[in-house]
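Data first, discussion second: the structure below is written as structure tokens.
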Amino acid sequence: MRRIPLPLEDAVGRKIDELLKRDVIEVKSGPTSWVSPLVVVGKANGEPRLCLDLRRVNEAVLREHHPMPVVEDYIARLGRGNIWSKLDVKEAFLQIELAEDSRDLTTFITSRGLFRFKRLPFGLVTAPEAFQKAMDEILAGCDGAYCYLDDIIIEGKDVNEHDNRLEKVA
């Protein structure tokens, strides 16, 4: 277990309570093969971001290898429209639920005990690919909508086409 700096302990405790209340994490009881240390990273707004040091887990995880887009692909596709919107998926990876049999891989230790993620945490080597795959599946058939991880760009030739596409995505 890594020690949390004293000035951050209360904020980290509140964040754990919030994640429990939102059903993002759960208390882990019983034995587990994997326990990762908690890493606290400060966000621009001063709130703590709880991350896990999943280096050991990442060495053992089997990857699905979904193709990740490159920026050049999007630059080549964009430009056909005159109106664009950019949507940002809030807490993107946390939108993906973890399978019950994968949750123990995300077990982490704190001074309050063990917890594990019920949703895809940042730091898991497969997280970007899993999220991109889910977004690609969700946006399949949505013309003029392009997703790069947590950013979705929607374009249209005119306001009507743009707004129809935006409504389809939303």
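Just checking, does segment 45-53 include any residue being loosely packed, with under 10 Cβ neighbours inside 10 Å and at pLDDT below 85?
So far as segment 45-53 goes, yes, one or more of its residues are loosely packed, with under 10 Cβ neighbours inside 10 Å and at pLDDT below 85.
Can you give me the number of residues within segment 68-95 that are touching a residue at least 24 places away in the same chain (Cβ under 8 Å), part of a loop (DSSP other than H, G, I, E, B) and more than 21 Å from the chain's Cα centre (by Cα)?
Here the count works out to 4.
State all residues of segment 91-113 that are under 12 Å from Thr32 (Cα atoms) and in contact with a strand residue (DSSP E or B) (Cβ under 7 Å, 6 or more places away or on another chain); if no residue qualifies, say none.
Arg103, Asp104, Thr106, Thr107, Phe108, Ile109
Can you tell me which residues in segment 61-80 are in contact with a helix residue (DSSP H, G or I) (Cβ under 8 Å, 6 or more places away or on another chain), open to solvent by less than 60 Å² (accessible area, probe 1.4 Å) and either modelled with pLDDT of 85 or more or among the hydroxyl-bearing types (Ser, Thr, Tyr) (or both)?
Val61, His66, listed by residue number.
Only one residue in Ala99, Ala92 is under 30 Å from Gly13 (Cβ atoms), open to solvent by less than 20 Å² (accessible area, probe 1.4 Å) and modelled with pLDDT under 95. Which one?
Ala92 is the lone residue from the list that is under 30 Å from Gly13 (Cβ atoms), open to solvent by less than 20 Å² (accessible area, probe 1.4 Å) and modelled with pLDDT under 95.
The values are calculated or read from the model by the stated rules, or taken from the named source; none is laboratory data. This is a predicted model, so every value here is computed, not measured. Backbone-built Cβ (ideal geometry, glycine too); neighbour counts: all protein chains shown. Ligands, DNA and RNA are excluded from the accessible area calculation, which covers all protein heavy atoms including side chains. Shrake-Rupley method; radii C 1.70, N 1.55, O 1.52, S 1.80 Å.
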